[in-house]
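Every read-out reported here was derived from the displayed coordinates using simple, explicitly stated rules and does not represent laboratory data. A quick note: this is a predicted structure, and the numbers were derived from the prediction, not measured. Cβ placement follows ideal geometry from the backbone for every residue including glycine, while neighbour counts extend to all protein chains displayed.
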Ligand SMILES: [Zn+2]
């Protein structure tokens with residue numbers, strides 16, 4: 001089955017929906033890493049959610065969804081570009097044990113200190129423009145609940161999410177109540193469409209989300225509703241790392257530090273956390289970087 005994202009509107013009511021299904025893209029992403037299944041599941045749900053949220057926002061830049069964990073998983077990162085190019089990575093603590101079947105709390109919120117962050121990183125920043133970042137404590141027992149809480153706190157938007165992932169695919173459904181003119185939540189049908197849409201979506205189970213394609217899923221859930229199909233998009237896996245970006249990151253570290261690594265190891269090698277690409281710079285490359293390299297700090301790669 002193909003990777004696809006379907007956007008639709010409920011006719012006559014301020015409610016929008018989106019369904020995403022990732023198979024090939026998701027399989028390419030996790031084939032590069034050896035994540036324990038519970039970690040892959042969490043990252044897959046985040047990847048589906050990032051694609052869904054990214055398409056609800058009018059913004060020319062990357063949406064970066066991060067969870068900073070206090071359990072066996074230290075960091076989960078998903079980046080989604082405006083054209084739905086996705087990349088994702090997870091960092092486990094050294095020697096961490098991931099129990100089979102571990103859920104969100106056990107993996108990233110064991111001590112209640114997990115945080116959920118969404119960053120909007122503009123593609124062509126104006127001078128001095130900083131990325132927008134919202135950070136909230138991790139709430140709820142699932143990625144969907146954590147994001148619903150984030151959207152309420154940060155965006156004051158009623159958003160519901162249903163997410164699922166396994167080794168073969170990642171999928172999700174989003175429903176959102178749209179603000180009307182003047183910021184008032186639509187009252188034209190007193191929220192009845194919203195309630196009905198949510199109630200029907202709540203009958204879905206993970207297996208159905210993962211196995212039924214977006215068109216069929218929407219038809220089965222909402223066959224009695226009048227819907228406007230708004231767009232059909234194609235998410236994909238693509239890493240945005242490049243030798244030039246890594247070079248700029250090295251320049252931002254400073255000549256002294258980079259030279260000391262080259263003196264010790266003969267070269268600097270940076271491995272991309274997302275796609276495992278190795279970018280190597282020897283003494284000659286480093287000399288060139290610092291004579292011609294840009295010191296544009298805004299263009300650092302998001303390696304950690
Ligand atoms: Zn990469």
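The table below gives the values:
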read-out	value
In degrees, nearest ten, helix 192-201 long axis to first principal axis of the chain (Cα)	60 degrees
Per-residue Cβ neighbour rank within 10 angstrom, fewest leading, 292, 193	292, 193
Segment 243-296, relative contact order [Cα under 8 Å, separation at least 6], %	42 percent
Label-to-label distance, nm, for residues given as residue 57 and residue 284 (7 Å Cα→Cβ offset)	4.3 nm
With Cα atoms, 0 to 90° folded angle of helix 37-54 axis to the chain main axis	70 degrees
Cα gyration tensor shape of segment 243-296, rounded if a/c is under 1.5, else prolate or oblate by comparing a/b with b/c	oblate
Segment 49-99 shape via C-alpha gyration tensor axes, a/c threshold 1.5	prolate
Estimated FRET transfer efficiency (residue 27, residue 130; beta-carbon r; R0 51 Å; 0.05)	0.90
Relative contact order %, the chain, counting alpha carbon pairs below 8 Å whose residues are six or more apart	23 percent
Contact order normalised by residue count of segment 81-234, Cα under 8 Å, 6+ apart, percent	14 percent
Zone residues, segment 162-178, relative to residue 211, backbone N less than 18 Å from point 7 Å out along Cα-to-Cβ	163-173
Acute angle (nearest 10 degrees) that the helix 243-253 long axis makes with the longest principal axis of the chain, alpha-carbon atoms	70 degrees
Prolate/oblate/rounded label for the chain (Cα gyration tensor, a/c 1.5)	prolate
Sum of -39500 (n - 2.57) over DSSP H runs of 4+, divided by residues of the chain (222 nm, nearest 500)	-9000 deg cm²/dmol
